[in-house]
Amino acid sequence: MDGHEFLAERFEENRSRLKAVAYRMLGSTSEAEDAVQEAWIRLGRCDDRAIENLGGWLTTVVGRVCLDMLRSRRSRREEPLGTGAPEETALGPELGGRPEADPEQQALMADSVGLAMLVVLETLDPAERLAFVLHDMFAVPFDEIAGVVDRTPAAARQLASRARRRVQGADPVLDPDLARKREVVNAFLAAARDGEFEALLTVLDPDVVVRSDTGVGGAGAPGLVWGAAAVARQAMMFAPFARSSRQALVGGEPAVIATGEGHRFSVMIFTVARDRIVEMSVIRDPSHLPGLDLAVLDD
């Protein structure tokens, strides 16, 4: 076996780990493959004889590549609409991106992380996300992470700590008022799951408004539905989302994260007053997630 074949064999030994790191960073199996391939290209350009720990070296290289991709992705989001071709969604194919070549691998990746974790990770700053993923999920020392994010080890530790607080904020102590609001939201979801039109009307304000960032049915310009009857009919149409929902908070208000057929996803934020839902904001575009004060709750 020549030197190139030996190096390729050692790289393949690390591929699964590298892909797992990249997927948790990027939330997309195709982009994760791209990041791993870039690490292989960079390995071929360097003197591998000077690398003492190939696994650690490859992990940090994949981390740098993913960090650059996240920053580039965020930069693209800041461009005005219509400046280029549509990009793959930030949360990957499981949450609305383009179809993948290997559905089985895609499913394994999705199961290993989970929708809720991906949504929370997407709300983190790229450097925070990298520090948290590398340290808390893959036990990479802060000394090595510091070189990837161009910070001191202490600063890298702080990045991971901030990210950890966001992730662990999934189980806050609920005040009585918020607990009551969640009861109303749970009643709404139960009625939607069971297709109970009259039960939906009892938890909806007569003048309830639903605002969607992608329009009714998830397509087109931002849309609006007004009135309890219209909202109840729409809720019954999207019963699959209610069946797979996860409890969350957005800015201290009750919310749910839900998926449906075709791996679509949505974040629904509820405004509750006088024990009735008076407004719902539906977010289906993953690019709108950064900046949300989102915490996933235990069911």
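The values are calculated or read from the model by the stated rules, or taken from the named source; none is laboratory data. Bear in mind that the values here come from a model prediction, so they are computed numbers and not experimental data. Neighbour counts are summed over all protein chains in view; Cβ atoms, including those assigned to glycine, are modelled from backbone coordinates with ideal geometry. In case anyone asks, the SASA skips ligands and DNA or RNA and just uses the protein heavy atoms, side chains included. Shrake-Rupley method; radii C 1.70, N 1.55, O 1.52, S 1.80 Å.
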Residue count for segment 6-39, restricted to those that are at pLDDT below 85 and open to solvent by 80 Å² or more (accessible area, probe 1.4 Å): 1
Selected residue (criterion: modelled with the highest pLDDT) from residues of segment 186-208 that are assigned to a strand (DSSP E or B) and open to solvent by less than 30 Å² (accessible area, probe 1.4 Å): Leu204
Of residues in segment 40-62 being at pLDDT below 85 and part of a helix (DSSP H, G or I), the one nearest to Arg15 (Cα to Cα): Asp48
Selected residue (criterion: least open to solvent (accessible area, probe 1.4 Å)) from residues of segment 209-231 that are out of contact with any strand residue (DSSP E or B) (no Cβ under 6 Å at 6 or more places or on another chain) and modelled with pLDDT of 80 or more: Gly227
Contacts under 8 angstrom Cβ, first residue in segment 270-299 being assigned to a helix (DSSP H, G or I), partner modelled with pLDDT of 75 or more and open to solvent by less than 20 Å² (accessible area, probe 1.4 Å), 6 or more apart: Pro286/Glu122
Test: residue in segment 154-171 that is within 25 Å of Pro254 (Cα to Cα) and modelled with pLDDT under 60: yes
Every residue from segment 249-265 that is closer than 19 Å to Val278 by Cβ, at pLDDT below 85 and of a type outside the set (Val, Ile, Thr): Leu249, Gly251, Gly252, Glu253
Residue check for Leu130: at pLDDT below 70, in contact with a Leu (Cβ under 8 Å, 6 or more places away or on another chain) and either at negative phi or open to solvent by 10 Å² or more (accessible area, probe 1.4 Å) (or both): no
